[in-house]
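A.B. asks: Got a structure for you, questions after.
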Amino acid sequence: MNLIKPLTLILTVLLFSGCAFMHSLDDNLPQQAEEWMQNKEYTRVINTLAYIHPGHPHYKSLTALREAALQKALQYETYILTRGKQLLDEQQWHQSYLIYEQGLQKLPDSAAIQQAMDELTTQRDTYIRKLSYQLLYNKSLMILANIPIQNKINTASQDNAHYLNQVKQQASEKDEVAVELLDCAEYSLHANQLITSQKCLELAGRLYPKPLPKRLLKLQEQLNKKRKSLSQQLSKSAQTNLTAARDALKNGKLKQAMDYLQKVPPEEQQKPAVIKLQTQLGKQIKLAVKKGAAIGRKLYSTGKIKAAMEKWQALQVLDPKNPALQKLIERAQRVLKKLESLGENKPASASKQRTTK
């Protein structure tokens, strides 16, 4: 039992430190490290020299070499990522994969290169699947175009074993393609590629005899539900403006809330979340107009015509189609115009009286 802990410790060191620790004990380490540097095995240099003790005769030079390896590793990683991305943009999938593979051979601990390779693999799989579905569409359309011809052959060759066997093979191929189309529809549905899913379902529906299989009907139902759900979701732009409008309304900034709501794209104006906030804003505007109009009337009744008109005009910005506000503003304008006219005539009359005297 007393030997278990020491043995466990030794095994742990060997597992986690690996060859790096063992190489750090080599007498020929400086030359070995230089060879690794030349071969761009920077991770090996970095990991091995991490175990160099200050008492090592070449500690100073090896420490400097490790720092150089760190810099070189960063530069090499950048090169691999840049070159791999360039090849990927050119759709040179295999060459890009080889570049990342080469990078990982030299820098096996590089999380960035590993992530780039994983993304490449995912992107390539998606690309290949898209192309394979295109082949499936073409095959489906060809089968559909050949069905009338096959039916004629079947009618005319009921006593010909060769043609009858050919018709059976074509019918079997049609069934296989129909199943593949349902697989395509199901995968695309789960991947939220709804247009592709619908296209596969439509083609499968044309290949299958009536009544349609339960699987097809179930997938169509799921697709319709997801479409309905997605139709109620907002785009990033609409969600941003809706959130800003909601915050403005909460802070009593009604005009600002209106402006943000107007920035929601027209095609999303009728979505439930937008309509709900529009209704809330409408109620707040109605209340604000009612209170503001009453304040304006008080100002008007005390002879503060201009202040009353300005109050009503400010409210009209919130509710431009309000007929009651328009009438109040027009009445105030008429009164102000009349007062202005009286003010202009008064000095003229006084001047005339002085001239007469």
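The values are calculated or read from the model by the stated rules, or taken from the named source; none is laboratory data. No experiment lies behind these values; they were computed from the predicted model shown. Note: ideal-geometry Cβ built from the backbone for every residue, glycine included; neighbour counts use all protein chains shown.
A.B. asks: Which residues, counting only those in region 57-97, are farther than 23 Å from residue 112 by Cβ and either free of Cβ contacts under 8 Å to residues at least 24 places away in the same chain or acidic (Asp, Glu) (or both)?
C.D. replies: Passing the criteria: 57, 59, 60, 63, 64.
A.B. asks: Name the one entry in 283, 306, 255, 226 that is in a helix (DSSP H, G or I), free of Cβ contacts under 8 Å to residues at least 12 places away in the same chain and either under 24 Å from residue 317 (Cβ atoms) or not assigned by TED's automatic domain parsing to the domain that holds residue 339 (or both). Before the answer, list the steps.
C.D. replies: Details: 306 fails: free of Cβ contacts under 8 Å to residues at least 12 places away in the same chain; 255 fails: free of Cβ contacts under 8 Å to residues at least 12 places away in the same chain; 226 fails: free of Cβ contacts under 8 Å to residues at least 12 places away in the same chain.
That would be 283, the only listed residue that is in a helix (DSSP H, G or I), free of Cβ contacts under 8 Å to residues at least 12 places away in the same chain and either under 24 Å from residue 317 (Cβ atoms) or not assigned by TED's automatic domain parsing to the domain that holds residue 339 (or both).
A.B. asks: Would you check if residue 106 is surrounded by 14 or more Cβ atoms within 10 Å (Cβ to Cβ), in contact (Cβ under 8 Å) with a residue 60 or more places away in the chain, of a type in the set (Lys, Arg) and on the phi < 0 side of the Ramachandran plot?
C.D. replies: Details: surrounded by 14 or more Cβ atoms within 10 Å (Cβ to Cβ): yes; in contact (Cβ under 8 Å) with a residue 60 or more places away in the chain: yes; of a type in the set (Lys, Arg): yes; on the phi < 0 side of the Ramachandran plot: yes.
So residue 106 fits the description; yes.
A.B. asks: Separate question: Just a yes or no: is a residue in region 218-225 modelled with pLDDT under 95 and acidic (Asp, Glu)?
C.D. replies: No, that holds for no residue.
A.B. asks: Further question on the same structure: Could you check, for region 134-149, whether at least one of its residues is surrounded by 11 or more Cβ atoms within 10 Å (Cβ to Cβ), farther than 18 Å from residue 196 by Cα, within 48 Å of the chain's Cα centre (by Cα) and not hydrophobic (A, V, I, L, M, F, W, C)?
C.D. replies: Looking for residues that are surrounded by 11 or more Cβ atoms within 10 Å (Cβ to Cβ), farther than 18 Å from residue 196 by Cα, within 48 Å of the chain's Cα centre (by Cα) and not hydrophobic (A, V, I, L, M, F, W, C), one finds at least one in region 134-149, hence yes.
A.B. asks: Which of the following residues is over 20 Å from the mean Cα position of the chain (by Cα), surrounded by 13 or more Cβ atoms within 10 Å (Cβ to Cβ) and assigned to a helix (DSSP H, G or I): 288, 273? So that I can check it myself, show each step before the final result.
C.D. replies: Values: 273 fails: over 20 Å from the mean Cα position of the chain (by Cα).
Just one listed residue meets the conditions, 288.
A.B. asks: Out of 210, 218, I need the residue that is assigned to a helix (DSSP H, G or I), charged (D, E, K, R) and under 30 Å from residue 172 (Cβ atoms). Which one? Spell out how you get there, then give the answer.
C.D. replies: Details: 210 fails: assigned to a helix (DSSP H, G or I).
Just one listed residue meets the conditions, 218.
A.B. asks: Name the residue, out of 104, 98, that is over 30 Å from residue 219 (Cβ atoms) and touching a helix residue (DSSP H, G or I) at 6+ places or on another chain (Cβ under 8 Å). Walk me through how you get there before you give the answer.
C.D. replies: Details: 98 fails: touching a helix residue (DSSP H, G or I) at 6+ places or on another chain (Cβ under 8 Å).
Result of the check over 104, 98: 104.
A.B. asks: Turning to a different aspect of this structure: Give 137, 133 a once-over and let me know the one that is hydroxyl-bearing (Ser, Thr, Tyr), touching a Ser or Thr at 6+ places or on another chain (Cβ under 8 Å) and not assigned by TED's automatic domain parsing to the domain that holds residue 277. Before the answer, list the steps.
C.D. replies: Working: 137 fails: touching a Ser or Thr at 6+ places or on another chain (Cβ under 8 Å).
Only one candidate qualifies: 133.
A.B. asks: On to the next question. Select the helices (runs of 4 or more DSSP H) contained entirely in region 1-92, then report the ones holding at least 1 residues which are touching a helix residue (DSSP H, G or I) at 6+ places or on another chain (Cβ under 7 Å) and modelled with pLDDT of 85 or more.
C.D. replies: Working: elements: 4-23, 29-38, 42-49, 59-89.
Ranges flagged: 29-38, 42-49, 59-89.
A.B. asks: Residue check: is residue 114 outside the structural domain of residue 40 (by TED's automatic domain parsing) and surrounded by fewer than 16 Cβ atoms within 10 Å (Cβ to Cβ)? It would help to see each step written out before you state the result.
C.D. replies: On the way: outside the structural domain of residue 40 (by TED's automatic domain parsing): yes; surrounded by fewer than 16 Cβ atoms within 10 Å (Cβ to Cβ): yes.
Here the answer is yes, as residue 114 does meet what is asked.
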